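Visitor: Structure provided below as structure tokens; questions to follow.
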């Protein structure tokens, strides 16, 4: 007999053997025992979660000669064996991706009315049903709603949102969920013990983690490993197959980030590059480690799937870092793009420097109390110390006590105005024009990194007029004007100017060309009036 791949050889044959879908299998088991089989089912969910396998089991169960369609299939009678081997004439599997036209559905509607050849029910399993065209889906509606009593439809799909609502309303829907790592590990361990494969628990854990909830992917990877390495599989073999470096320097780089050590971080990155490791995969592992650190710092320890030793190391590392610091590092390294150059260390180096310097800059720009609200220290007034009394001299006239001469009063030195001290001016518009640099410097701390502040800082922006609560700003470049006119940027610009003026105001944007044109028209009108 020809050998079979693992996912076919270990395909579940009863509802009890279906892994990780207990709610669905229990519902179907109850429906069988109570003779409440529906005429149409919809199985939807991610790949490799048991949709087609459950459909075949249900087809065997309703036609089983031993149980009479009231219980699990026996898998020993002629009908169960025919369905398992794919030669049952009354169990028809249709690939909707290849039969998308309305003619295919019309042919199906014609054949539906014929009675089963051997089985009790004629079961149609339509896989990837979302690939049917609109006309084909509409052609299926009537048959799907009121099929003959001897027909059962089982529709399977990975994208239920693409199916017509009219089809969804005619089916009993079952949502298959991604399998947990625990369920996949249990199934793989059973396969390894039966097949005589010697593996380490950490290797099985890594296979289950890389499968991302798909049992079929995990079984395929296990077979690939046994084909290449034989019956002994360890963690290094799994890492090599998946392209995972498993390098300790990913954790070392995280420690450098937490300790704000740019020099050590650069050394770590260049060490990884000089050893020829895949930088994209190294960054992926780095982000995974930062994510685990973020979860632990936020108190979600149960969401981290690590060994007790690694968990203790992460807890110790997270104690010396702030949540903002970890969040910033995770975002920066998680957004790196290695699509065009997988061999340059520049993206990693820039992210490292930006992460560390950015945190230091934020700490400098957000002091505990803004400088403008710091109370002035009272000036210390020094009083002269009275002279000690002179001892009395004998045989001499008492000398009248002389008053200490007052110290000459000198004028206090003039303190030079600081660059952030506003210049007094008549009228708010003149005050804004003369102090535009101070308007930018005294912006609220939460606007320091905004795009609006960067545009206001540019040389092509200046205040032009104040009317009631509206400040008119003239822009030299149309791009700057369009950016400030965005709702969020306009609010930030108004906050910055309001903070300086001490009252709420709004911002109006004017392009310099339009402003000069209006001024020219106004001057021309005045000249005409004068000449007239």
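Visitor: Could you tell me how many cubic angstrom of Cα convex hull volume the stretch 6-175 has per residue?
Guide: 108 Å³
Visitor: For each of 215, 357, 242, 58, count neighbouring Cβ atoms within 10 Å of the residue's Cβ, then give the residues from fewest to most.
Guide: 357, 242, 58, 215
Visitor: If you don't mind, there's one more thing I want to ask. Using 1/(1 + (r/R0)^6) with R0 = 56 angstrom and r between the beta carbons of residue 291 and residue 26, what's the FRET efficiency to the nearest 0.05?
Guide: Efficiency, rounded to the nearest 0.05: 0.95.
Visitor: Report the gain in length on full extension from residue 477 to residue 335: 0.36 nm times residue separation, minus Cα-Cα distance, nm rounded to one decimal. Intermediate results must be reported in sequence, preceding the final value.
Guide: Working: separation 142, 0.36 × 142 = 51.12 nm, distance 3.11 nm.
Full-extension gain reported as 48.0 nm.
Visitor: Would you work out the relative contact order for the stretch 6-175, in percent, from Cα pairs under 8 angstrom that are 6 or more residues apart?
Guide: Values: 268 pairs, mean separation 48.5, N = 170.
Relative contact order, the stretch 6-175: 29 percent.
Visitor: Using 7 Å Cα-to-Cβ label points, what is the residue 161/residue 229 separation (nm, one decimal)?
Guide: 3.8 nm
Visitor: Additional query: Multiply the residue gap between residue 142 and residue 113 by 0.36 nm, knock off their C-alpha separation, and tell me the result in nm, one decimal place.
Guide: Difference between extended and current length: 9.1 nm.
Visitor: Taking only the C-alpha atoms, wrap a convex hull around the stretch 56-121 and report its volume per residue in Å³ as a whole number.
Guide: Numbers: hull volume 5.8 nm³, N = 66.
Cα convex hull per residue, to the nearest whole number: 88 Å³.
Visitor: In which sequence would 10, 436, 248 go, from the one with the fewest C-beta neighbours within 10 Å to the one with the most? Don't jump to the answer; show the numbers that get you there.
Guide: On the way: 10 20, 436 17, 248 8.
Least crowded to most crowded, the residues run 248, 436, 10.
Visitor: OK, next. I'd like the distance separating the alpha-carbon centroids of the stretch 198-235 and the stretch 123-148, in whole Å.
Guide: The distance from the Cα centre of the stretch 198-235 to that of the stretch 123-148 comes to 38 Å.
Visitor: Using only C-alpha atoms and all pairs of different ones, pull out the Kirkwood radius for the stretch 181-242 in Å with one decimal.
Guide: Numbers: mean 1/r = 0.0902 Å⁻¹.
When all Cα pairs of the stretch 181-242 are included, the Kirkwood radius is 11.1 Å.
Visitor: Report the full-extension gain for the segment residue 78 to residue 278: residue separation times 0.36 nm, less the Cα-Cα distance, to one decimal in nm.
Guide: Taking residue 78 through residue 278 to full extension adds about 66.6 nm, to one decimal.
Visitor: Turning to a different aspect of this structure: Determine, for 124, 229, 114, 289, the number of other Cβ atoms within 10 Å of each Cβ, and report the residues in order from fewest to most.
Guide: 114, 229, 289, 124
Visitor: Extending each Cα 7 Å along its Cβ direction at residue 457 and residue 501, get the distance between those two points in nm, one decimal.
Guide: According to this spin-label approximation, the distance is 2.3 nm.
Visitor: Which FRET efficiency value, to the nearest 0.05, is calculated for residue 464 and residue 262 with the Förster distance at 45 angstrom and r the Cβ-Cβ distance?
Guide: 0.50
Visitor: Sorted from largest down, give the three principal axis spans of the alpha carbons of the stretch 249-365, whole angstrom values.
Guide: 38, 36, 23
Just so you know, all these numbers are worked out from the coordinates, no wet-lab data involved. Please read all numbers here as calculations on a predicted model, not as lab measurements. So basically every Cβ, Gly included, is an ideal-geometry build from the backbone, and we count neighbours across all protein chains shown.
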